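Single-structure report; data block below.
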Amino acid sequence: MTTTFDDALAFDGEAFDALAPLTAPEARAAAPAATPGAAGGGHVLRRIRESVVAAHASALGAQEALQRLRIARIAVATPEAVPPQRRRVFLATAQRTDSHGLAVLSTSMDRLAPRELPAPATTEGAFKPLARTAATRLGHAELEKLREGDMAGVFGAAYDQRGDNPQVRLLSTTQGLVTDVLGVDRGAGRWNRGALRARCVLPGAPSDPVAAVLEAVAQAAQVFALQAGLHLCFADAAFEFGPAEVELTEALPDAPAELSIEVSDVDMIPRPWLTAEAELTVSGVVAARVHGLRLEVRERPGVPVGPETGGVVPRFLGRRNAQGEPALLGEFHMIHSSRGDLAIILGPEFAHYAGRRATRMPSGGLRLCDRLMTVEGTRHQLQAGRAVSEYDSPADCWYYLESANASMPNVIYMETSLQSALLLGYYLGATLTDPQEDYSLRNLDGTATVLREVDLRDCTIQQRSELLSTSVLSGAVLQSFSYELSVDGEPFYRGESLFGFFSEQALANQTGLDGGGYVPTWLERQLVTPPVRTIEVGARGPHGPARNTGHLHLLDHVQVVDDGGDYGRGYLRAVRPVREDDWFFRRHFHLDPVMPGSLGVEAVIQAMQEWLVDSGLAADLPEPEFVLPAGVPMTWRYRGQILATDKEMTLEVHLKDVRADHERVTVIGDASVWKPGMRIYHLENVAVELRGARS
């Protein structure tokens with residue numbers, strides 16, 4: 001084997017670590033004397049190698065002396081510091097103390113445990129905070145108020161719990177301290193669920209660096225949770241923490257640090273909670289990371305969180321509206337009604353529905369009722385009842401971002417009003433007429449009218465619902481309701497609707513609108529096919545009225561027969577493919593996926609919107625935008641549903657009236673919707689409107 005020059009100079013031993021614990025140097029045997037007369041390349045290489053080894057030994061001695069000098073300057077004994085570029089991992093848990101403080105327990109780990117992180121939230125799937133505030137930067141004074149439990153003094157009146165929740169506050173720490181919150185952004189971060197940046201201080205060479213890091217991160221997570229209002233649904237709760245992984249990558253210096261946390265997930269089931277990933281940096285260098293910190297808001301032992309038997313609420317549960325009025329039930333209960341424990345919102349009689357297909361509210365961005373303020377009525381007495389409910393509609397809600405409408409789209413008008421009305425009947429016990437049956441909820445028909453044009457951004461919608469009648473049949477319970485929606489005491493939408501709670505067998509026997517027969521579309525019935533042109537929805541330029549996007553983009557093409565249809569004013573037809581992974585099947589309903597009928601109506605409206613733009617009738621309107629026309633009662637009748645296994649949905653519209661003046665253009669039509677082989681929706685007086693921009 002040939003020895004190379006690099007081989008001869010190779011160093012044997014571990015790389016030098018300036019902060020590694022000191023050990024006594026090993027005794028070194030004296031190098032043998034050079035053999036006289038040695039000659040050749042091997043002799044030269046050995047002499048070079050001996051010189052390098054001697055130089056390295058000298059460097060070791062110098063570094064050892066430097067280490068001893070540094071240690072001598074330390075006044076107190078400290079645990080082993082973290083060597084540069086040497087990662088150490090700990091499993092740590094923060095615990096709340098009786099004195100409103102934090103204590104941290106930790107144990108070392110060999111490596112980070114594998115974890116599966118959630119997918120980023122979509123606009124429709126974003127968590128909706130329980131309160132809103134303009135306070136996104138907090139200084140020392142504001143943080144001190146949070147430590148005193150004065151959330152309203154920092155975030156505003158919507159956070160005022162009138163003395164409730166005395167244990168909820170920013171917990172004090174002994175090592176890691178957040179000094180300033182530089183910004184809170186609820187939609188930021190890798191998961192689109194929120195992020196927070198803060199400054200913090202850690203003691204120089206902390207006695208427990210893991211505790212120092214976790215304390216700072218736990219404080220930042222508490223600030224985010226408080227600003228999101230996670231505690232506002234309870235009257236007597238406290239923060240609890242789950243285990244987190246703490247990764248130390250650098251020594252913690254005695255210098256200000258910047259902390260950033262990203263919320264990876266947030267929910268209200270089974271109790272309000274969030275998980276976060278965090279990073280602590282000093283002068284741009286990452287010194288520590290925290291993975292999977294879990295913060296939970298949990299009621300204190302013995303405190304009720306929902307109704308008792310009969311739907312009776314024995315004491316105030318904690319939720320107030322923005323005016324400080326106590327609610328019967330809040331967002332925590334509504335979210336449980338969509339995919340959680342029905343006993344929490346309705347009482348113990350509903351506990352047996354766990355894991356079963358049952359009547360539920362929609363979930364995610366389609367859950368459009370926030371609070372049940374009052375109920376007049378008694379469980380099992382189903383002939384009459386009244387309720388007042390509320391829904392907050394923040395300006396950054398997904399449907400404002402994705403709708404072509406200048407304000408709230410029709411699908412949300414329908415969903416929020418129908419959900420709040422049916423909640424009354426369900427609360428009074430409609431399905432308890434046969435508690436062992438697994439009922440599915442379906443809307444059957446209704447009529448609703450927009451009373452006045454109103455921008456609902458950042459408004460709280462109050463709804464008054466009344467149960468008009470109940471009919472108990474074999475395999476079904478039918479209930480009719482009236483409802484009126486108001487903002488600031490002024491009504492803007494009014495309607496009546498009929499719901500059915502159906503057994504699985506009753507649902508299986510549905511025959512559509514035509515007695516089980518197939519009635520083809522108007523276009524298919526023509527003996528001579530008329531000229532058909534197609535509007536390409538995506539081809540419309542950026543100028544002109546807004547387009548529906550994202551979750552509300554329902555149509556790609558609209559077929560038009562000019563002067564066609566039942567009224568000779570124009571005919572529209574569109575086909576929408578149905579996929580099993582369409583977003584609305586996950587939301588409507590849990591364990592019972594169907595397309596909301598209101599989205600079928602919305603697809604009809606979108607076809608009419610595209611025709612109105614294409615017609616040129618609104619070409620002279622300045623900056624036209626879509627609104628819901630006032631004073632046009634729309635009637636719907638549903639006798640079937642679009643399932644995830646259906647391949648497509650077909651709709652047609654018969655235009656019957658066009659009204660135009662110098663300020664707006666309104667078009668009205670009748671429509672039908674088909675699933676494969678069956679007509680299932682009929683709509684009358686569907687109206688869309690373009691109006692010019694207001695001065």
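Any chance you could list the semi-axes, whole Å, largest first, of the equivalent ellipsoid that the Cα gyration tensor gives for the range 165-261, using √(5λ)?
Values: eigenvalues 116, 55, 29 Å².
With the √(5λ) rule applied to the range 165-261, the semi-axes are 24, 17, 12 Å.
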Query raised in the report: How much space per residue, in cubic angstrom, does the convex hull of the C-alpha atoms of the range 87-205 take up?
Result: 156
Query raised in the report: What is the range 389-474 by shape, rounded, prolate or oblate, if you read a ≥ b ≥ c off the alpha carbon gyration tensor as root eigenvalues and call it rounded for a/c under 1.5, prolate for a/b larger than b/c, and oblate otherwise?
Result: prolate
Report summary line: Once Thr378 and Gln323 are pulled to full extension, the length gained, defined as 0.36 nm per residue separation minus their Cα-Cα distance, is 17.1 nm
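What translational diffusion coefficient, to the nearest whole µm²/s, does the range 294-375 have by Stokes-Einstein, given a Kirkwood radius computed over alpha-carbon pairs, a temperature of 25 °C and 0.890 mPa s viscosity?
181
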Report task. Compare the Cα positions of Gln559, Tyr571, Met649 along the charge dipole of the range 522-692 (+1 at Cβ of Lys, Arg; -1 at Cβ of Asp, Glu; about the Cα centre) and return the one farthest towards the positive end. Result -> Met649
Query - Net dipole in debye of the range 331-508 [+1 Lys, Arg Cβ; -1 Asp, Glu Cβ; about Cα centre; nearest 20] - result: 400
Query raised in the report: Computed over the Cα atoms of the range 433-500, what is the convex hull's projected area averaged over all directions, in nm²?
Result: 5.9
Requested in this report: Could you tell me which helices of the chain pass both thresholds, a Cα extent of 18 Å or more along their own axis and a mean Kyte-Doolittle hydropathy of at least 0.0, with helices taken as whole DSSP H runs?
Outcome: 41-72, 209-228, 410-428, 597-615
Query raised in the report: Quick one: Ser172, Ser440, fewest Cβ neighbours within 10 Å first, how do they rank?
Result: Ser172, Ser440
Report summary line: Scan of the chain for GluC sites (Glu not before Pro) in DSSP loops with at most 13 other beta-carbon atoms within 10 Å gives a longest site-free stretch of 309-579
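If you wrap a convex hull around the Cα atoms of the range 522-692, how much volume per residue is inside, in Å³? Let's see the in-between values first.
Details: hull volume 20.6 nm³, N = 171.
So the per-residue hull volume is 120 Å³.
May I ask you to derive the relative contact order of the range 285-333, considering only C-alpha pairs under 8 Å and at least 6 residues apart, and to give it as an integer percent?
21
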Report summary line: The percentage of Cα-Cα pairs in the range 553-607 separated by more than 20 Å is 37
Query raised in the report: Over the chain, what relative contact order in percent results from Cα pairs under 8 Å that are six or more residues apart?
Result: 9
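Over the range 522-692, what relative contact order in percent results from Cα pairs under 8 Å that are six or more residues apart?
Numbers: 340 pairs, mean separation 41.1, N = 171.
Once normalised by length, the contact order is 24 percent.
Translational D (Stokes-Einstein, µm²/s) of the chain at 10 °C and 1.306 mPa s when Rh comes from the Kirkwood sum over C-alpha pairs? It would help to have the intermediate numbers written out before the result.
Numbers: Rh = 29.6 Å.
In µm²/s, the coefficient is 54.
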Report task. Take the Cα atoms of the range 331-508, build their convex hull, and give its volume per residue in Å³. Result -> 116
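What size of dipole, in debye to the nearest 20, comes out for the range 522-692 about its Cα centre when the only charges are +1 on Lys and Arg C-beta atoms and -1 on Asp and Glu C-beta atoms? If you can, show how the numbers build up before the last one.
Numbers: 19 positive and 25 negative charges, 90 e Å.
Using Cβ point charges on Lys, Arg, Asp and Glu, the range 522-692 gives about 440 debye.
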Requested in this report: Calculate for the chain the 222 nm mean residue ellipticity that helices alone would give, adding -39,500 (n - 2.57) per DSSP H run of length 4 or more and normalising by residue count, nearest 500 deg cm²/dmol.
Outcome: -6000 deg cm²/dmol
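Scan the range 424-484 for trypsin sites (Lys or Arg not before Pro) in coil per DSSP, keeping those whose Cβ has at most 16 other Cβ atoms within 10 Å, and list them by number.
Details: sites: Arg442, Arg452, Arg457, Arg464; in loops: Arg452, Arg457.
Here the trypsin sites (Lys or Arg not before Pro) that fit, given the DSSP loop and packing criteria, are Arg452, Arg457.
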Requested in this report: Taking a cut-off of 25 Å between Cα atoms, list the lysines near Lys656, but don't count ones fewer than 8 places away on the same chain.
Outcome: Lys675
**Report entry** Most positive-pole-ward Cα, Cys233, Val181, Ile345, against dipole of the chain from beta carbon charges
**Finding:** Val181
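Coordinate-derived values only; no laboratory data. Here the structure is a predicted model, which means the values were calculated and not measured. Cβ sites come from the backbone with ideal geometry, for glycine too, and all protein chains shown count toward neighbours.
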